[in-house]
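Every read-out reported here was derived from the displayed coordinates using simple, explicitly stated rules and does not represent laboratory data. All values reported here derive from a predicted model rather than from experimental measurement. Virtual Cβ from ideal backbone geometry, glycine too; neighbours counted across all protein chains shown.
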Amino acid sequence: MLHLFSLLVGLLAARFKSRARLEAEILILRHQLGVLRRRAPKRVVLGGLDRLIFALVYRLFPSAVAAVTIIRPETIVRWHRAGFRAYWRWRSRPRWGRPKTTAGLRRLIREMSVDNPLWGAPRIHGELLKLGFTVGQTTVAKYMAKRRRPPSQSWKTFLRNHAEGIAALDLFVVPTVDLRMLFVLVIVGIDRRLIVTINVTSRPTAEWIARQVTEAFPWEWAPKYLIRDRDSAYGEVFKRRLRAMGIRDRPVAPRSPWQNCYAERLIGSIRRECVDHLVALGEAHLRRILKKYTDYYNGTRTHLSLAKDSPIPRPIQRGGHITRQPLLGGLHHQYARG
């Protein structure tokens, strides 16, 4: 910058010098350039300011290019053309462009494309318009999750769509105070983990189990499939009843209780939360206790698999005083706003 200032001062001072003096100075400067050129390297390194001075002088006095000795005249012309292009590129830059897509909107587009693998850019774009976002369809396509394979539903979605037509049943035993064994039959709907029916007997015959299935499911609302184990109690009468109701019998593989996991998990909950904490006095007593637990399980107890909701959905209460109601003699409690 100091060098540029000295050049400007020299230019102003030259206005007051005689022509002979200026010619003498030009001659001395040319001789110095000749000496430096003989000793300097073949390629002289110039800075941006130096290039600007050469290009500016060439712009004002094109004939001055003939006096240049340390660089080729074509180089100055090239610098001038580059500066011309840069200047008009700056003048022609877009002043208004597309609004920037926020990080939240980009994240929402990606989540939509991941959660809905069957949706394309037009469908996601339509949903965003309904949510009040002003965005182009090409922008939506740009920020969608990229897939290497054709879109497909997950196994979780596939099973959830078929869970409504599947039920499971199983038997477990409960000891009584007089050392007898009572058999408990439980039927659970896979869709909402709802206890469809639960009953107690001392002799679980095929006729009794078939009657429980008939009472649990009306003929027009029977499930499509019924999962059970290979207990000998499910005799021919039970199988004929299922066929008559249009239910497909699906016994699990031998020694594979994990294939009936929903019923097994329910039985574990009944044991841990109810029957392990009491002594059954008899068949009627156990039936009453299990009936109360079923009401608590279906209508009050929250489940992780149901997004912390109960099988029979509970409304969210936001106002009012919280009250506590004991269930099963105080073994569990129900909280509500009154």
What is the gain in length, in nm to one decimal, between GLU264 and SER92 on full extension, counting 0.36 nm per residue of separation less the C-alpha to C-alpha distance? 54.6 nm
Given R₀ = 22 Å, what would the calculated FRET efficiency be for HIS277 paired with GLN325, taking r from the Cβ atoms and rounding to 0.05? 0.75
Evaluate the Debye formula for region 245-297 with equal point scatterers sitting on the alpha carbons, no solvent, and hand back log10 of I(q)/I(0) at q = 0.27 Å⁻¹, in q order, two decimals. -0.99
Please give, to one decimal in nm, the separation of the simple spin-label points placed at LYS224 and PHE84, each 7 Å out from Cα toward the Cβ. 7.6
Hey, which aspartates and glutamates would be in cross-link range of LYS291, C-alpha to C-alpha under 13 Å, not counting anything within fewer than 8 residues on its own chain? GLU283
Taking alpha-carbon centroids only, region 289-338 lies from region 112-191 a number of Å equal to 24
Would you mind calculating the gained length between THR75 and ARG148 on full extension (0.36 nm times residue separation, minus the Cα-Cα distance), in nm to one decimal? 21.2 nm
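Are there trypsin sites (Lys or Arg not before Pro) in region 233-338 that DSSP marks as loop and that have at most 15 other Cβ atoms within 10 Å, and which are they?
On the way: sites: LYS239, ARG240, ARG241, ARG243, ARG248, ARG255, ARG265, ARG271, ARG272, ARG287, ARG288, LYS291, LYS292, ARG301, LYS308, ARG318, ARG324, ARG337; in loops: ARG255, ARG301, LYS308, ARG318.
Taking region 233-338 and a limit of 15 other Cβ atoms within 10 Å, the loop trypsin sites (Lys or Arg not before Pro) found are ARG255, LYS308, ARG318.
Once the piece of chain linking VAL237 and LYS291 is laid out straight, how much longer is it, given 0.36 nm per residue of separation minus the C-alpha distance between them? Each step should come with its number before you reach the end.
Values: separation 54, 0.36 × 54 = 19.44 nm, distance 2.66 nm.
Separation in residues times 0.36 nm, less the Cα-Cα distance, equals 16.8 nm.
Please compute the net charge surrounding TYR262, taking Lys and Arg as +1 and Asp and Glu as -1 over other residues with Cβ under 12 Å from its Cβ.
Numbers: positive: ARG192, ARG193, ARG228, ARG265; negative: ASP170, ASP191, GLU264.
Its environment carries a net charge of +1.
In the neighborhood of ARG106, defined by Cβ-to-Cβ distances under 12 Å, what is the net charge if each Lys or Arg adds +1 and each Asp or Glu adds -1? Walk me through the intermediate numbers first.
Values: positive: LYS100, ARG107, ARG110, LYS142; negative: GLU111.
Residues near ARG106 contribute +3 overall.
Hey, fewest Cβ within 10 Å first, where do LEU290, LEU304 land in order? Write down the numbers at each step before the final one.
Numbers: LEU290 22, LEU304 7.
With the fewest neighbours first, LEU290, LEU304 line up as LEU304, LEU290.
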Which of LEU131, LEU185 has the fewest Cβ neighbours within 10 Å, and the rest in rising order: LEU131, LEU185
Summing +1 per Lys or Arg and -1 per Asp or Glu among the other residues with Cβ less than 13 Å from SER310's Cβ gives +3
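Using the Kirkwood formula on the Cα atoms of region 161-337, what hydrodynamic radius do you get, in angstrom to one decimal?
Values: mean 1/r = 0.0577 Å⁻¹.
Radius from the Kirkwood sum: 17.3 Å.
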Percent antiparallel among DSSP beta bridges confined to region 161-337, nearest 5, equals 75
Evaluate E = 1/(1 + (r/R0)^6) for SER256 and ALA284, where r is the Cβ-Cβ distance and R0 equals 45 Å; express this FRET efficiency to the nearest 0.05. 0.80
With R₀ set to 51 angstrom, the calculated FRET efficiency between the beta-carbons of MET181 and ARG318, to the nearest 0.05, is 0.60
Hey, fewest Cβ within 10 Å first, where do ILE124, ILE109 land in order? ILE124, ILE109
Whole-Å semi-axes of region 152-226's equivalent ellipsoid (Cα gyration tensor): 30, 15, 8
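Given Cβ point charges of +1 (Lys, Arg) and -1 (Asp, Glu) and nothing else, what value in debye, to the nearest 20, does the dipole of region 103-152 about its Cα centre take? Intermediate values should be presented prior to the final figure.
Values: 10 positive and 3 negative charges, 56 e Å.
Roughly 280 debye, rounded to the nearest 20.
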